[in-house]
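Contents: one structure, followed by commentary.
A short reminder: the numbers here are calculations on the coordinates, not readings from a lab. Only a predicted model underlies this, so the values are computations on that prediction, with no experimental measurement involved. Cβ coordinates were reconstructed from backbone atoms using ideal geometry, including for glycine residues, and neighbour counts include every protein chain displayed.
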Amino acid sequence: MEPSTEIRFIHCGELEIAASCVCNSHEETPAYPPGAVLSYARKGQIHIRAENQLHTVPRGKFVLLRKYTEAAYFKTFTKEEGEAKGYNFLLTDEFIRKVIKNVPMKSDPQPTGDRVIMMDATPQLLGLMDSIAQYVDYEEDLDPKLVELKTQEALLAIIQADEDLAAIFLEYSRAERADLSKFMNYHYLENSTLDELAMQSGRSLSTFNREFRMTFNETPHQWILRKRLEKAKMMLVQDHAKPSDVYLQVGFEDLAHFSRAFKKQYKVSPSRIAI
């Protein structure tokens, strides 16, 4: 069987759900998420390498990854399963704070150094996953409000049942700043505005622009454009890809714009370098 991984991105209000529908290879996927990630292993196992440790999430279990954690995901599965399947919820700080704002907390919750938290399944969490599965597996319409409500209910139920988890979610939602170099090298292909990148990195736009110049000695626009063109050149030369197959993958929305930018950078059109 040809190795393949299919990932569908679903946007639901304050949530971004990346549903990895099919994965029949064991390739690692690097990550440096701008929000806490709640993952569920529906089929096979999810493995997360983070901070020199390997965490294994068995089928039917959940895991919570703290934001700004450099990690690598890979999946394993039995011959009978044939593939792995998982669902990942990117939970923004604002969303978590909205869920826990009325939850009783310990008077002095102790901070945790753990960046990966294993979690058991609950009826509420499993109900949430079943709702998502209906959309992903059977292509039914997804109601963003319903998904957001179910996610709130599921998190609230597990937090109310475990004071320690309430403290962990509170800590995970506190304001932090990403390592700017790591953050940008993981997210430069995304079609996000500078305002969105600044917010996701934990900075105001002015602070983001100032620290970006100090870190990279370029403006964000210059650096992102250069990195995208470098990625495109590598795909054209090493993978023998066609320009028409590359430009969207490296963050361009228009083939003509990509071709002009590439020729300006490398003094040759992408169609010629791909020959």
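Working note: Karplus 6.51/-1.76/1.60 with θ = phi - 60° gives region 224-234 the couplings 4, 4, 4, 5, 5, 5, 4, 5, 4, 4, 4 Hz, where Gly and Pro are set to x.
Along its principal axes, region 220-273 has C-alpha extents of 29, 21, 19 angstrom, given from the largest down. Quick check: pseudo-label points 7 Å beyond the Cα along Cα→Cβ at Gln222 and Lys101, how many nm apart are they? If labels sit at Gln222 and Lys101, their model points lie 4.2 nm apart.
Both radii come from the Cα set of the chain: Rg as radius of gyration, Rh as Kirkwood radius; their ratio Rg/Rh reads 0.99. Sequence-distant contacts, meaning Cα pairs under 8 Å at least 6 residues apart, place the relative contact order of region 67-197 at 36 percent.
Using the Karplus relation 6.51 cos²θ - 1.76 cosθ + 1.60 with θ = phi - 60°, the per-residue 3J(HN,Hα) values for region 203-218 come to 10, 6, 4, 5, 5, 4, 4, 5, 5, 4, 4, 5, 7, 10, 6, 8 Hz, with x marking Gly and Pro.
Measure nothing fancy, just the Cα-based angle from helix 163-172's long axis to the longest principal axis of the chain, in degrees from 0 to 90, nearest 10. The angle comes out at about 20 degrees.
For helix 144-161, what angle does its Cα long axis make with the longest principal axis of the chain, in degrees from 0 to 90 and rounded to 10? The answer is roughly 50 degrees.
Using only helices, what value at 222 nm comes out for the chain when you add -39,500 (n - 2.57) per DSSP H run of length 4 or more and divide by the total residues, to the nearest 500 deg cm²/dmol?
It lands at -13000 deg cm²/dmol.
Taking the longest Cα principal axis of the chain as reference, the axis of helix 123-138 is set at about 30 degrees.
Within the shell of other residues whose beta carbon sits under 11 angstrom from the beta carbon of Thr215, the net charge comes to 0, with Lys and Arg scored +1 and Asp and Glu -1. Can you compute the label reach from Asp164? Point 7 Å from Cα along the Cβ direction, backbone N cut-off under 17 Å, restricted to region 43-80. Zone members listed by number: 62-66. The protection proxy used here, the mean number of other Cβ atoms lying within 10 Å of each residue, ranks peptides 195-203, 76-84 as follows, highest first: 195-203, 76-84. Summary value for region 220-273: 31 percent relative contact order, contacts being C-alpha pairs under 8 angstrom separated by 6+ residues. About its Cα centre, the dipole of the chain is roughly 1280 debye, where the only charges are +1 on Lys and Arg Cβ and -1 on Asp and Glu Cβ. This ranking places Arg97, Arg42 by how few other beta-carbon atoms lie within 10 Å of each, fewest first, which gives Arg97, Arg42. The phi-based Karplus calculation (6.51 cos²θ - 1.76 cosθ + 1.60; θ = phi - 60°) puts the 3J(HN,Hα) values of region 243-255 at x, 5, 9, 9, 4, 5, 5, 9, x, 8, 9, 9, 5 Hz, whole numbers, x for Gly and Pro.
Residues whose amide H comes within less than 5 Å of that of Thr29, counting only those at least five positions distant or on another chain, are Tyr73, Phe74 (H built at 1.01 Å from N in the peptide plane).
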